[in-house]
Amino acid sequence: MEISPAQPWRTRISRYRLVGHKCKSCGRTHYPPQPVCPYCGSSELEEVQLPRRGTLISYTIVYSVPEQYRSHSPLVVARVRLDDGTVVDAPLTDIADPSSLKTGMRVEAVFRRIVEDGRYGIIVYGVKFRPVLGSV
Amino acid sequence: MSRRVFVAGVGLTRVGRNYAKGLVDLAAEAARKAVEEPGLTPQALIVSNLLGQLLDKQSLLASKIASSLGLRYRYAVRVEAGQASGAHAVITGYTLVASGLYDSVLVVGVEKMTDYPSATVTASLSTTLDSEYQAMYGLTPASYAGLQMRYYMEKYGVSRDELSEWPVLMHANAAENPYAQFRRPITKESVAKSQVVADPIRVLDTSPVGDGAAAVVLAAEEALREAQPRGTDPVEIVGVAGASDAVATMLSELDRLPSVALAFRAALRRARVDSKEIGVAEIHDEYTITAMLVIEEMGYADRGKAAKLLAEGRFRPGDKPTLNPSGGLKARGHPVGATGVYQTAEVAMQLRGDFPGVKAGDTEVGVVVSSTPQAASTAVIVLRRT
């Protein structure tokens, strides 16, 4: 696979810092940020720094991974409800024992290397979540 | 709208690994059978295919197939809506005939998945997720099904054993279907012991990778009168609807597929059919959990209860509705972009009475519910025996 540098660069702020959009009309937040509120259709949106902590809604341990992630297998991915209610999907990291995972666990966002593109040498960074220390 | 639209011919290829046949070969095989039945030459071509641009490096697939099938100069386009491409292609063909633009349309769904290793195919299927925020992080459609399945099992107290009824039923149905990829019955034990794909999803919860093509000829009454049909009564498409949603339902709870409920209700309204009248349904069971959620969104089970109804013996051949007598995506197979056309052909054959496998009980009204694992796109087609 070839990752052009432009793609991860365009989305770096929202992906590195967990920046979403808050709708001034209906008050709901969404991530990733869209040009129009997906709930009410309003264009009156403002950037918002989302909370970096949340709870696990669900998680899964993936053994059948795409080809460029073969060295990452098994991948642990999760759906997280951030403390303001916004839902984010992300890989989990720093999991020594996957059987220790439980829905409802507290997790926190951390900056991590996501994938490396062998062809152009791009390293894509982003946010993963890890169990809040002391909660496992 | 407008004119009545009929399914005048169907053609299927057996789903499986077919190294000797490419996209055009498979399309030609299905198309020939579909066109032979009514004996007319279609005026337009709609192709459904998901992975051709990625794996075969082939764009303009409809143009390529049209000129390969003796349909040079005809209106020809490809429809893509993820795993729901096929049913959306049928809807597109339907609108071309219903509007009066064309009297007959050939719809061909075709997919090649087996030329490449599964890790490559998985990466291609991940294009149905958000490329910047999900696929780039290594998320896959199977990992979403894993999130859905864990959430569902915990929220509703549904066991692995209860969910295993579905793949067992699909394999039992497919054993009679000459077009099915898998014709071997399986047991609940083998489902529970099969390899973990994305915990708790096991291999026997997932639809297989396979090549295949299916075709239907849609025609107005005028075209049918001029043709020399082979003797089976055409089946009418009486209602269609589609709905879209965000890729991977980041906007919904993990146990909800809102576009399925919306499209299903809209199609029934247009068809003037109540869900109780449906005798046979071919629904999107890309994963076991997908089937459970689709059944619940269609209103055939309360939330969290689909697996329990199945365990009690519901939805089997003879029940109303009979679900996936073809064996479904799980066992008939899922050549992704073609699947919705397979489902349309299968329901049409059930209503005509000549489906070569397991027969549904009541075959007056049938429905196709095609979607994607996270219901980012749903297409519903209601058919009625004439």
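We did not get these values from a lab; they are worked out from the coordinates using the rules stated. All values derive from a computational prediction rather than experimental measurement. Cβ sites come from the backbone with ideal geometry, for glycine too, and all protein chains shown count toward neighbours.
The rows are residues; the columns are (1) under 13 Å from the mean Cα position of the chain (by Cα); (2) farther than 25 Å from B:Gln374 by Cα.
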site: A:Pro38; (1), (2): no, no
site: A:Glu47; (1), (2): no, yes
site: A:Leu50; (1), (2): yes, no
site: A:Tyr63; (1), (2): no, no
site: A:Val87; (1), (2): yes, no
site: A:Ala90; (1), (2): yes, no
- Task: Just give me the residues in region B:163-183 being assigned to a helix (DSSP H, G or I), buried (at least 22 other Cβ atoms within 10 Å of the Cβ) and hydrophobic (A, V, I, L, M, F, W, C), in sequence order.
- Result: B:Leu163, B:Trp166, B:Leu169, B:Met170, B:Ala174
- Query: Can you find even one residue in region B:184-197 that is in a helix (DSSP H, G or I) and buried (at least 23 other Cβ atoms within 10 Å of the Cβ)?
  - Reply: no
- The correct count of residues that are in a helix (DSSP H, G or I) and among the charged types (D, E, K, R) in region B:85-116 is 0
- Which members of region A:74-107 meet the condition of being within 12 Å of another protein chain (Cβ to nearest Cβ), in contact with a Ser or Thr (Cβ under 8 Å, 6 or more places away or on another chain) and either under 19 Å from B:Ala198 (Cβ atoms) or acidic (Asp, Glu) (or both)? A:Leu75, A:Val76, A:Val77, A:Ala78, A:Arg79, A:Val80, A:Thr103
- Message: Can you pull out every residue in region B:250-267 that is of a type outside the set (Asp, Glu) and either part of a loop (DSSP other than H, G, I, E, B) or in contact with a Pro (Cβ under 8 Å, 6 or more places away or on another chain) (or both)?
- Response: B:Met250, B:Leu251, B:Ser252, B:Leu254, B:Arg256, B:Leu257
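Would you call B:Arg272 on the phi > 0 side of the Ramachandran plot, charged (D, E, K, R), surrounded by fewer than 24 Cβ atoms within 10 Å (Cβ to Cβ) and more than 12 Å from chain A (Cβ to nearest Cβ)?
Numbers: on the phi > 0 side of the Ramachandran plot: yes; charged (D, E, K, R): yes; surrounded by fewer than 24 Cβ atoms within 10 Å (Cβ to Cβ): yes; more than 12 Å from chain A (Cβ to nearest Cβ): yes.
Spelling it out, B:Arg272 is indeed on the phi > 0 side of the Ramachandran plot, charged (D, E, K, R), surrounded by fewer than 24 Cβ atoms within 10 Å (Cβ to Cβ) and more than 12 Å from chain A (Cβ to nearest Cβ).
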- Query: Of B:Asn18, B:Asn49, which residue is within 30 Å of B:Glu222 (Cα to Cα), among the polar types (S, T, N, Q) and buried (at least 16 other Cβ atoms within 10 Å of the Cβ)?
  - Reply: B:Asn49
- Can you name every residue in region A:15-62 that is in a loop (DSSP other than H, G, I, E, B), touching a residue at least 40 places away in the same chain (Cβ under 8 Å), at negative phi and not basic (Lys, Arg)? A:Tyr31
- Item | Failed item, numbered, when B:Val203 is tested on (1) free of Cβ contacts under 8 Å to residues at least 60 places away in the same chain; (2) in contact with a helix residue (DSSP H, G or I) (Cβ under 7 Å, 6 or more places away or on another chain); (3) under 30 Å from B:Ala81 (Cβ atoms); (4) not charged (D, E, K, R) | (2)
- Item | Qualifying positions in region B:126-152 - more than 7 Å from chain A (Cβ to nearest Cβ) and in contact with a Ser or Thr (Cβ under 7 Å, 6 or more places away or on another chain) | B:Thr128, B:Ala135, B:Pro141, B:Ala145
